[in-house]
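What follows is a single structure, written as structure tokens, with notes after it.
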Amino acid sequence: MKSLEITRHTKFKSPYRTPPVYYGRPGPKHLSNWIYTLNLKKYNLLVKKPLDCLNFVIEHMHYYDDQITHKTPEHWLQSADQVYDWIFHKRKGDCDDSAITLASLLHSVGNRDVRLALGYYGNPKYANVGTKVQMNHAYCLLDNDNNDYSIIDPVGDRSVRRLENIDNHPEYITMVSAAADGRIWIHGPWIEAFT
């Protein structure tokens, strides 16, 4: 998967047309600010490896639309406290809730290569609407160096036995991703559209 870090003096086709970096509801904020630092000792969370963290979130997640859980069309977890509440009490949410939780968990165990990602999930032939790709999914990427990414998607009800390379999954079309340290990348179709 092609990727371009845009936090370092990227030249865009037009200064008036740059990739969006603010997401979420209520109150959009920089994508990297949705990854929280969790106090894992407080709740005695012992997971450390990416695969264990992924399966922990899968076990604690029941997929529900935001309209059911938050009574609004779109709602992202607003703080580390809401992440704890989601893991231990509510245990239901949508893809952005589980992706924020997983990214925060991986970041908090010391994994600096995790990214919160937004993109399209589904049959690639339905992804293009004109020149835009519709974003409909949040998930995580694990950067294995040299633009080699593992997909870490906590939506589902089955345990995962190994992390898969995103290049082997054309149903994922990533547009933007961010690390907790503020770096942000554009991917695939957005590299061509904006640079």
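Values in this text are rule-based calculations from the coordinates and carry no lab data. All figures in this text were calculated on a predicted structure; none of them were measured in a lab. Backbone-built Cβ (ideal geometry, glycine too); neighbour counts: all protein chains shown.
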Please determine, in degrees from 0 to 90 and to the nearest 10, the orientation of helix 50-60 with respect to the longest principal axis defined by the Cα atoms of the chain, where the helix direction is its Cα long axis. 60 degrees
Computed over region 3-194, the ratio Rg/Rh where both radii use C-alpha atoms and Rh is Kirkwood: 0.95
Determine, from the Cβ-Cβ distance of R183 and K71 and an R0 of 41 Å, the FRET efficiency 1/(1 + (r/R0)^6), rounded to the nearest 0.05. 0.75
How far is the Cα center of region 69-86 from the Cα center of region 174-195, in Å? 24 Å
Sort F194, F88 by Cβ crowding within 10 Å, fewest neighbours at the top. F88, F194
Dimensions in Å of region 55-143 - Rg and Dmax from alpha carbons: 14.1, 42
Cβ-derived FRET efficiency at R0 41 Å, D81 paired with Q134, nearest 0.05: 0.80
Taking the 0 to 90 degree range and rounding to the nearest ten, how far is the long axis of helix 95-108 tilted relative to the main principal axis of the chain, both from C-alpha atoms? 80 degrees
May I ask you to order 55-68, 154-167 by the average number of other C-beta atoms within 10 Å around their residues, highest value first? 55-68, 154-167
Cleavage-rule hits, trypsin sites (Lys or Arg not before Pro), region 1-102, DSSP coil, Cβ neighbours within 10 Å at most 11: R8, K11, K13, K41, K42, K71
